[in-house]
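**Q** Input: one structure, supplied below.
The values are calculated or read from the model by the stated rules, or taken from the named source; none is laboratory data. Just so it is clear, the structure is predicted and the values come from calculations on it, not from any experiment. Every residue, glycine as well, gets a Cβ built from its backbone with ideal geometry; the counts of neighbours run over all protein chains shown.
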Amino acid sequence: MTDAAIRAKTGTIYHQPLSERSAPVSVPLLRPFPGLRPAAAYAAEMAAPPYDVLTSDEARGLAEGHPHSFLHVSKAEIDLPPDTDPHDPAVYARAAANLRTMIEAGALIRDPGPRYYVYRLRMGDHVQTGIVGGGSVADYRANRIRRHEFTRPDKEDDRVRQIEACEAQTGPVLLAHPDHPAVAAAIAATVLRAPDAEAVTPDGVGHTVWVMSDPGRIAAVTRAFQTMRAVYIADGHHRSAAAARIAAARPDSDAAQSFLVVSFPIAEMRILDYNRVVTDLNGLDRDGFLAAVSDAFVVEAVKGQARPGAARQFGLYLAGQWYLLSPKAPPPDDPVARLDVSLLSDRLLGPVLGIHDLRKDKRIDFVGGRRGLDELERRVESGEMAAAFALFPTSMADLIAVAESGQVMPPKSTWFEPKLADGLVSYPLDGE
């Protein structure tokens with residue numbers, strides 16, 4: 001099916017005004033479902049990094065020698081000739097075939113009835129524990145499942161084609177929810193027994209899953225989420241939008257009215273810095289650039305690395321020297337304009353470097369997660385980049401403020417870490 005045909009069939013729900021969207025159906029904000037998950041013996045091999053953080057070559061290398069790696073589903077081009085376009089119809093067909101093979105081999109099993117799943121992430125000293133369930137498409141459309149990013153139709157099309165081919169949602173959406181004692185109690189009771197799946201992904205993150213099958217706990221979790229005014233998409237806006245399009249194309253399918261989510265308490269979420277590197281100084285030399293920057297920032301040379309210690313501080317690495325930048329004027333009151341990523345764009349990247357469109361301008365790139373300031377130095381010292389900017393991480397409070405205002409964040413504003421694994425729980429659409 002062509003991309004145009006996909007859009008004609010599924011629509012583009014995200015971009016429609018609320019008044020034009022389908023009327024909500026009576027599906028709770030979060031509900032259990034009969035998950036598709038690895039048998040215990042296969043979990044360690046099957047757990048895979050998210051499909052969108054790896055290149056095809058990286059995925060091919062990680063999956064080599066591991067026939068049950070979920071990368072054979074999420075990045076199925078690795079099983080086709082190396083020059084295969086990842087969006088070729090053959091890739092989606094191969095993903096579906098690989099998924100069927102894993103099910104037929106018993107590597108993937110289907111729970112006999114609706115379940116929630118407790119999902120724990122561990123990275124070093126950081127631990128967060130949440131709930132895997134089916135998020136309501138109706139609540140997504142109504143913005144009760146709040147978003148803070150725009151989506152691109154081409155990326156939505158890719159996820160729609162993957163879901164349709166596999167008849168399952170295999171990439172979880174990361175949510176954040178307000179703390180709730182009933183949810184915490186159900187989780188605490190479930191994790192008292194041995195886990196149903198354990199894995200450590202190549203990035204060193206531990207993933208542990210427990211099946212929640214107790215009817216009382218399931219009911220308590222469902223009721224608790226129904227009391228929440230809103231929950232927030234942290235990562236997975238394209239997966240959410242694709243699920244909404246699938247639901248619109250299948251109005252008579254009860255299963256399609258929900259989508260695969262993993263929701264963690266807001267207080268347990270961790271956002272790391274998302275830094276910027278630029279290829280040139282827009283025709284300025286070092287001194288001219290620093291002079292232009294000093295119009296809007298106090299510029300202070302520092303010994304060692306200039307890691308921002310608080311919001312409204314920026315590190316600049318230029319010609320072997322780190323500088324600490326502090327805005328001279330206070331930030332605006334608007335929840336988007338006051339973000340550090342906005343301040344850097346509005347007061348430096350745009351006016352000084354002429355970089356106005358972060359989505360399209362090839363002169364800027366982004367470095368997130370645990371790569372750290374050493375990676376910024378490396379890319380400048382290599383000659384690949386002319387300068388690097390270190391930012392303080394966006395806070396969950398800022399993300400929620402933007403989502404509550406109905407606005408969206410600039411591109412590359414948040415880098416959530418640790419990341420979920422693909423393959424540990426999938427959401428089948430056949431409703432069985």
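**Q** Please go through the stretch 312-323 and pick out each residue that is over 25 Å from Gly383 (Cβ atoms) and either in a helix (DSSP H, G or I) or polar (S, T, N, Q) (or both).
**A** First, pick out the residues of the stretch 312-323 that are over 25 Å from Gly383 (Cβ atoms): 312-313.
Gln313, the sole residue that qualifies.
**Q** Against the definition (small (Gly, Ala, Ser), outside the structural domain of Asp235 (by TED's automatic domain parsing) and in contact with a Lys or Arg (Cβ under 8 Å, 6 or more places away or on another chain)), how does Ala319 come out, yes or no?
**A** Details: small (Gly, Ala, Ser): yes; outside the structural domain of Asp235 (by TED's automatic domain parsing): yes; in contact with a Lys or Arg (Cβ under 8 Å, 6 or more places away or on another chain): yes.
For Ala319, the condition - small (Gly, Ala, Ser), outside the structural domain of Asp235 (by TED's automatic domain parsing) and in contact with a Lys or Arg (Cβ under 8 Å, 6 or more places away or on another chain) - is met.
**Q** Also, quick follow-up: Please go through the stretch 31-84 and pick out each residue that is among the hydroxyl-bearing types (Ser, Thr, Tyr), crowded, with 22+ Cβ neighbours inside 10 Å and out of contact with any Ser or Thr (no Cβ under 9 Å at 6 or more places or on another chain).
**A** Once the filter is applied, which keeps residues that are among the hydroxyl-bearing types (Ser, Thr, Tyr), crowded, with 22+ Cβ neighbours inside 10 Å and out of contact with any Ser or Thr (no Cβ under 9 Å at 6 or more places or on another chain), the stretch 31-84 yields Tyr42, Ser69.
**Q** Got a number for residues in the stretch 239-290 being within 26 Å of Phe366 (Cα to Cα), out of contact with any Ser or Thr (no Cβ under 9 Å at 6 or more places or on another chain) and of a type in the set (S, T, N, Q)?
**A** 3
**Q** If you go through the stretch 203-214 one residue at a time, do you hit one that is outside any strand (DSSP E or B), more than 20 Å from Pro50 (Cβ to Cβ) and among the hydrophobic types (A, V, I, L, M, F, W, C)? Reasoning before the result, please.
**A** Looking only at the stretch 203-214, we keep the residues that are outside any strand (DSSP E or B), and these are 203-205, 213-214.
Going one step further and asking which of them are more than 20 Å from Pro50 (Cβ to Cβ), we end up with 213-214.
In the following step, the residues that additionally are among the hydrophobic types (A, V, I, L, M, F, W, C) were identified as none.
No, the stretch 203-214 contains no residue that is outside any strand (DSSP E or B), more than 20 Å from Pro50 (Cβ to Cβ) and among the hydrophobic types (A, V, I, L, M, F, W, C).
**Q** Separate question: Based on what the data block shows, is Gly113 in a loop (DSSP other than H, G, I, E, B), at negative phi and in contact (Cβ under 8 Å) with a residue 24 or more places away in the chain? Lay out the reasoning, then the answer.
**A** Values: in a loop (DSSP other than H, G, I, E, B): yes; at negative phi: yes; in contact (Cβ under 8 Å) with a residue 24 or more places away in the chain: yes.
So Gly113 fits the description; yes.
**Q** Checking Leu121 against (1) in contact (Cβ under 8 Å) with a residue 60 or more places away in the chain; (2) under 19 Å from the mean Cα position of the chain (by Cα); (3) assigned to a helix (DSSP H, G or I), which single condition isn't satisfied?
**A** (3)
**Q** OK, next. Which of the residues spanning the stretch 383-396 are on the phi < 0 side of the Ramachandran plot, over 18 Å from the mean Cα position of the chain (by Cα) and surrounded by fewer than 19 Cβ atoms within 10 Å (Cβ to Cβ)?
**A** Within the stretch 383-396, Glu384, Phe392 qualify.
**Q** Shifting gears a bit: Tell me, please, whether a residue that is closer than 30 Å to Pro181 by Cβ and crowded, with 16+ Cβ neighbours inside 10 Å can be found in the stretch 272-287. Working first, answer last.
**A** Taking the stretch 272-287 and keeping what is closer than 30 Å to Pro181 by Cβ, we get 272.
Still in the list and also crowded, with 16+ Cβ neighbours inside 10 Å: 272.
Yes.
**Q** Do you know which of the residues in the stretch 233-259 that are of a type in the set (Ser, Thr, Tyr) and over 14 Å from Gly171 (Cβ atoms) is surrounded by the fewest Cβ atoms within 10 Å (Cβ to Cβ)? Let's see the steps before the verdict.
**A** Let us first name the residues in the stretch 233-259 that are of a type in the set (Ser, Thr, Tyr), namely 240, 253, 258.
If we keep only those that are over 14 Å from Gly171 (Cβ atoms) too, we end up with 253, 258.
Values: Ser253: 13, Ser258: 28.
Per the criteria, the residue is Ser253.
**Q** Okay, next question. When the stretch 165-181 is examined, which residues are found to be part of a helix (DSSP H, G or I) and within 18 Å of Gly134 (Cβ to Cβ)?
**A** Cys166
**Q** Which residues, counting only those in the stretch 322-364, are touching a residue at least 60 places away in the same chain (Cβ under 8 Å) and either hydroxyl-bearing (Ser, Thr, Tyr) or outside the structural domain of Gln305 (by TED's automatic domain parsing) (or both)?
**A** Correct list: Ser342, Ser345.
**Q** If a residue has to be of a type outside the set (Asp, Glu), part of a loop (DSSP other than H, G, I, E, B) and surrounded by fewer than 23 Cβ atoms within 10 Å (Cβ to Cβ) to count, how many in the stretch 124-162 make the cut?
**A** The total comes to 8.
**Q** Follow-up. When residues of the stretch 86-101 are filtered for being touching a residue at least 40 places away in the same chain (Cβ under 8 Å) and in a helix (DSSP H, G or I), how many remain?
**A** Selection size over the stretch 86-101: 6.
**Q** Have a look at Val183, Val160, Val118 and point out the one that is closer than 15 Å to Pro28 by Cβ and among the aliphatic types (A, V, I, L, M).
**A** Working: Val160 fails: closer than 15 Å to Pro28 by Cβ; Val118 fails: closer than 15 Å to Pro28 by Cβ.
Step by step, each of Val183, Val160, Val118 is checked, and only Val183 is closer than 15 Å to Pro28 by Cβ and among the aliphatic types (A, V, I, L, M).
Condition check ((1) assigned by TED's automatic domain parsing to the domain that holds Leu121; (2) in a strand (DSSP E or B); (3) within 25 Å of the chain's Cα centre (by Cα)) across all residues:
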| position | (1), (2), (3) |
| --- | --- |
| Asp252 | yes, no, no |
| Leu260 | yes, yes, yes |
| Val277 | no, yes, yes |
| Asn282 | no, no, no |
| Gly288 | no, no, no |
| Glu300 | no, yes, no |
| Gly304 | no, no, no |
| Arg307 | no, no, yes |
| Ala310 | no, no, yes |
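**Q** A follow-up question, please. Go through (1) without any contact (Cβ under 8 Å) to a residue 12 or more places away in the chain; (2) in a loop (DSSP other than H, G, I, E, B); (3) not small (Gly, Ala, Ser) for Pro393 and report which single condition fails.
**A** Failing condition for Pro393: (1).
**Q** Of the numbered conditions (1) assigned to a helix (DSSP H, G or I); (2) touching a Phe, Trp or Tyr at 6+ places or on another chain (Cβ under 7 Å); (3) surrounded by fewer than 16 Cβ atoms within 10 Å (Cβ to Cβ), Leu399 satisfies every one except a single condition; which is it?
**A** Checking Leu399 against (1) assigned to a helix (DSSP H, G or I); (2) touching a Phe, Trp or Tyr at 6+ places or on another chain (Cβ under 7 Å); (3) surrounded by fewer than 16 Cβ atoms within 10 Å (Cβ to Cβ), the one that fails is (3).
**Q** When both residues are 6+ apart or on different chains and their Cβ atoms are under 9 Å apart, which pairs have a first residue that lies in the stretch 291-320 and is under 17 Å from Asp273 (Cβ atoms), and a second that is among the hydroxyl-bearing types (Ser, Thr, Tyr) and part of a loop (DSSP other than H, G, I, E, B)?
**A** Hits for this filter: Ala311/Thr394; Ala311/Ser395.
**Q** Still on this model: If a residue must be surrounded by 17 or more Cβ atoms within 10 Å (Cβ to Cβ), under 16 Å from His177 (Cβ atoms) and touching a residue at least 60 places away in the same chain (Cβ under 8 Å), how many such residues does the stretch 213-227 contain?
**A** 3
**Q** Which of the residues belonging to the stretch 53-85 are assigned to a loop (DSSP other than H, G, I, E, B) and either in contact with a Cys (Cβ under 9 Å, 6 or more places away or on another chain) or within 21 Å of Glu164 (Cβ to Cβ) (or both)? Steps first, answer last, please.
**A** Within the stretch 53-85, the subset assigned to a loop (DSSP other than H, G, I, E, B) is 54-55, 64-70, 75, 80-85.
Within the stretch 53-85, Phe70, Lys75, Leu80, Thr84, Asp85 qualify.
**Q** Within the stretch 333-372, how many residues turn out to be surrounded by 15 or more Cβ atoms within 10 Å (Cβ to Cβ), at pLDDT below 95 and in a helix (DSSP H, G or I)?
**A** Looking only at that region, the number is 3.
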